[in-house]
Amino acid sequence: MRTYRELFRTPEFTPFFTAVSVQTAAHTATGLALGTLVYTRTGSPLLSALAMFGPSLAQAAGALTLLSAADRLPPRATLSALALLSAVAACVQAVPGLPLWGAFAVLLVVGAAGSAGGGVRYGLLNEIVPREGFLIGRSVLNMTGGAMQICGFAVGGALVAVVSARGTLLVGAALYVVAAAVTRFGLSARPPRAPGRPSVRETRRTNALLWSSVPRRYVFLALWVPNGLVVGCESLYVAYAPAHAGLLFACGALGMLVGDTVVGRFVSARWRARLGAPLRLLLAAPYLLFALRPGLPVALAAVVVASTGFAASLLLQERLVTLTPPELSGQALGLASSGTMAMQGVGAAVAGGIAQLTSPATGMAAVAGLSVAVTSALAPGLGDRRAGGRGRLLGADGVPPEPGAPDAPRAPRTKETS
């Protein structure tokens, strides 16, 4: 599967894509509204930032306790329920007089639940599209997610000005309901990918199992740490160029769009194996130029070039799917997503701390150097995973999987009818 036409002709991909897009727009608009509401009440930039991005940090807690639900609950029902939970949360946060601690408590619940939601969502993508279509499907979701975030911030800002922050929260709640309805009526019912009930114990057991594979461990670390440090560079755009931060963010989005489009649509499997390492280095290397405090044109060009390197995440996710048994794919992808979100917060904190002691330019160059160092250290474990040049993907233990082995590709489960 190499074309967008083939992808959207795949049964159920279009409603899945629609639901994810609408939910992303709702999340962006409600986050902006809540951040505005908290800042208006408190005047605190820190609390406002936590109101907008706190759920991402809460995903770390969910990854340690709730991720087993990603493979042990019916995907359609789970995604519908999580969208409705977000709608209820937005309505609660719109209630006048809600204590600040209550608003943050709701955020923590939604953020923790979101860790399982990401695993369910991307595990379901792995079932909807054939294995060879996962990369282009994930790239389309990445591109659309970025576009919907831009639209969500733009429309959300207009709504806050016209109908107030509380009114925007209610609009976001309505969008969540739409996403739940599209999921419920547009997708088929499927059984859980793995038997048993979700639990904290099962989450930890499966996380340990996923982490025990050395090839998977390298993939997780490569997804989490270098990307998180580069997001630390992005977190200093405002401090580096206050009058042009929006332009820097826009150039970053442009670079990501180009990288995801080229890698997801036009790069063959043979070239993907060769481009992984260069893309991982490209993600951070251009930010080393900021040590020289470049002017705006050079800075914008560096950001565009560096952001194309985010496409390396697509290749790493594709490899993770290959290295993971299908019945654990939801938790594996959820763990990858939650760890990435958590490390972005860590990267921003590290970059901000360095910039506080030195300067924004030095902070950006320093965390970029750390990202390059980590990428280089992980390189030996992220070599080509092809067996004998014959195109067979190696299993989690580094050898070709035998038929029926835990890491061998398995036939897809039969769908249940609605």
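Here are the numbers for this structure:
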| item | result |
| --- | --- |
| Positions within the range 248-295 being without any contact (Cβ under 8 Å) to a residue 40 or more places away in the chain and polar (S, T, N, Q), in sequence order | S268 |
| Selection within the range 312-352 - farther than 30 Å from Y237 by Cβ and either without any contact (Cβ under 8 Å) to a residue 12 or more places away in the chain or in a helix (DSSP H, G or I) (or both) | R319, V321, T322, L323, P326, E327, L328, S329, G330, Q331, A332 |
| Number of the condition not met by E12 [criteria: (1) buried (at least 20 other Cβ atoms within 10 Å of the Cβ); (2) among the acidic types (D, E); (3) at positive phi] | (1) |
| Sole exception among (1) touching a residue at least 60 places away in the same chain (Cβ under 8 Å); (2) under 20 Å from the mean Cα position of the chain (by Cα) for A239, by number | (2) |
| Single residue of the range 156-173 satisfying the filter (touching a residue at least 40 places away in the same chain (Cβ under 8 Å) and of a type in the set (A, V, I, L, M, F, W, C)) that is most open to solvent (accessible area, probe 1.4 Å) | L170 |
| Yes/no for A58 being at pLDDT below 85 and out of contact with any Lys or Arg (no Cβ under 7 Å at 6 or more places or on another chain) | yes |
| Tally of residues being in contact with a helix residue (DSSP H, G or I) (Cβ under 8 Å, 6 or more places away or on another chain) and in a helix (DSSP H, G or I) across the range 194-221 | 17 |
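Conditions tested, residue by residue: (1) in a helix (DSSP H, G or I); (2) open to solvent by 30 Å² or more (accessible area, probe 1.4 Å); (3) under 30 Å from E132 (Cβ atoms); (4) at pLDDT 90 or above.
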residue: S21; (1), (2), (3), (4): yes, no, yes, yes
residue: Y39; (1), (2), (3), (4): yes, yes, no, no
residue: A49; (1), (2), (3), (4): yes, yes, no, no
residue: F53; (1), (2), (3), (4): yes, yes, no, no
residue: A70; (1), (2), (3), (4): yes, no, yes, no
residue: A81; (1), (2), (3), (4): yes, yes, no, yes
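The values are calculated or read from the model by the stated rules, or taken from the named source; none is laboratory data. Quick caveat: nothing in here was measured; it's all calculated off a predicted structure. Note that each Cβ is placed from the backbone with ideal geometry, even for glycine, and that neighbours are counted across all protein chains shown. Ligands, DNA and RNA are excluded from the accessible area calculation, which covers all protein heavy atoms including side chains. Shrake-Rupley method; radii C 1.70, N 1.55, O 1.52, S 1.80 Å.
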